[in-house]
Amino acid sequence: MTEARPEHPVIAAWHRRPLSSRVGSRRFRRRLVIATYAAWLAMAAIVKLLSFGPLPFIWLSLLMVSTNIIIQLMWVERRTIINTPALVDAELDERLVQSRNAAFRTAFKPFALAALIGWLLATAATQLQPNSQGYLNSLILFMGVAMLATTLPTAIVAWREPDPTEPEPASG
Amino acid sequence: MAPSILNRIGVLRAERGLSRQQLADAVGINYQTVGYLERGDYNPSLELAFRIAEYFGLPLEAVFSRQPFAPMSSQLYGKEESA
């Protein structure tokens, strides 16, 4: 007897949560984008400050990694039309596909630049400071680039998507 | 910026008592996309424009135009008077 495999795309689609069209106002979304990256920078600064105290390197790196995971879950795991960069083509219409492709195109240059600068600085940090401070600086840079890689296209869609259309009066 | 394409989707939808969701389901697009089309925030592809026109049973130029539309009532009664 053939057993149904739950990982098959057709079967996986049965369990997929519906895509939400609720997108929030553009002003709210732009504030959210700024707040997200500001929160990450603040966390990186806190971790750097804590590194001068008695906290061991492993706890500081766990703090940085968990910050990244929380932000990435908030931005990537939702299923709204703002999250088009994380959705498959079959769930998107032509406008959303265009919006997603434009976001990837826009994200490519700043991400490539950030990745290059991050790699150079991380290499310099580990070479010039072969101690826990150097490794921490390197880790922070790596986490910053990793966060841009996963959240930047979605943040660009959130920034650009127009205000949602007004709700229609309920038909009775 | 690309010149905007004007459309009568909102009027036609209201005339037929369709919700945005019903039209979106019928032509296979997202609910918000219908709103953006009506508001002029998005210009449809030729394929989508044809699908919408076919759904309403009208020629393409009756639904989409690059020039402002004359009111439907004046077009309708204007023709009747001249005939």
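FYI, it's all coordinate maths here, none of it is from the lab. Everything numeric in this text was worked out from a predicted model, so none of it was measured. Neighbour counts are summed over all protein chains in view; Cβ atoms, including those assigned to glycine, are modelled from backbone coordinates with ideal geometry.
Suppose R0 equals 22 Å. What FRET efficiency, 1/(1 + (r/R0)^6) with r the Cβ-Cβ distance, do A:L55 and A:T126 give to the nearest 0.05? It comes to 0.65.
Note on the protein assembly as shown: helix-only mean residue ellipticity at 222 nm, from DSSP H runs of 4+ residues weighted -39500 (n - 2.57) and normalised by residue number, equals -21000 deg cm²/dmol. Annotation: peptides B:67-75, A:63-71, ranked by per-residue average of other Cβ atoms within 10 Å with the highest first, follow the order A:63-71, B:67-75.
Fully extended, how many nm does the chain gain between A:A112 and A:L73 (0.36 nm per residue separation, minus their Cα-Cα distance)? Before the final figure, lay out the partial values.
Working: separation 39, 0.36 × 39 = 14.04 nm, distance 2.25 nm.
Stretched fully, the A:A112-A:L73 segment lengthens by 11.8 nm.
Volume per residue of the convex hull around the Cα atoms, evaluated for chain B, comes out as 98 Å³. Using the beta-carbon distance between A:E166 and A:A45 and R0 = 51 Å, what value does 1/(1 + (r/R0)^6) give for FRET efficiency, to the nearest 0.05? Plugging the Cβ-Cβ distance into 1/(1 + (r/R0)^6) gives 0.80.
Our estimate of slack between A:T150 and A:Q133, defined as 0.36 nm per intervening residue step minus the Cα-Cα distance, is 3.5 nm. Remark: mean inter-chain Cβ contacts per residue of A:87-100 equal 3, using a 10 Å Cβ-Cβ cutoff to other protein chain atoms. Helix A:26-50 and the longest principal axis of the Cα set of chain A meet at an angle near 20°. Peptide B:25-33 has a mean of 5 when you count, residue by residue, the C-beta atoms of other protein chains within 10 Å of its C-beta. Per-residue 3J(HN,Hα) values for the stretch B:16-32, derived from phi via the Karplus relation 6.51 cos²θ - 1.76 cosθ + 1.60 with θ = phi - 60°, read 9, x, 9, 7, 4, 5, 5, 5, 4, 5, 5, 9, x, 10, 6, 4, 5 Hz in sequence order (x marks Gly and Pro).
Percent of C-alpha pairs per 10 Å bin in chain A, short distances first: 9, 29, 28, 20, 11, 3, 1, 0. Between B:E47 and A:S20, what FRET efficiency comes out of the Förster formula 1/(1 + (r/R0)^6) with R0 = 25 Å and r the beta carbon distance, rounded to 0.05? Working from the Cβ atoms, E equals 0.45. With the simple model of a label 7 Å out from the Cα in the direction of the Cβ, B:A62 to A:V97 spans 2.9 nm. The packing ranking, built from the mean of other Cβ atoms within 10 Å per residue, places the peptides B:56-62, A:161-167 in the order A:161-167, B:56-62, highest first.
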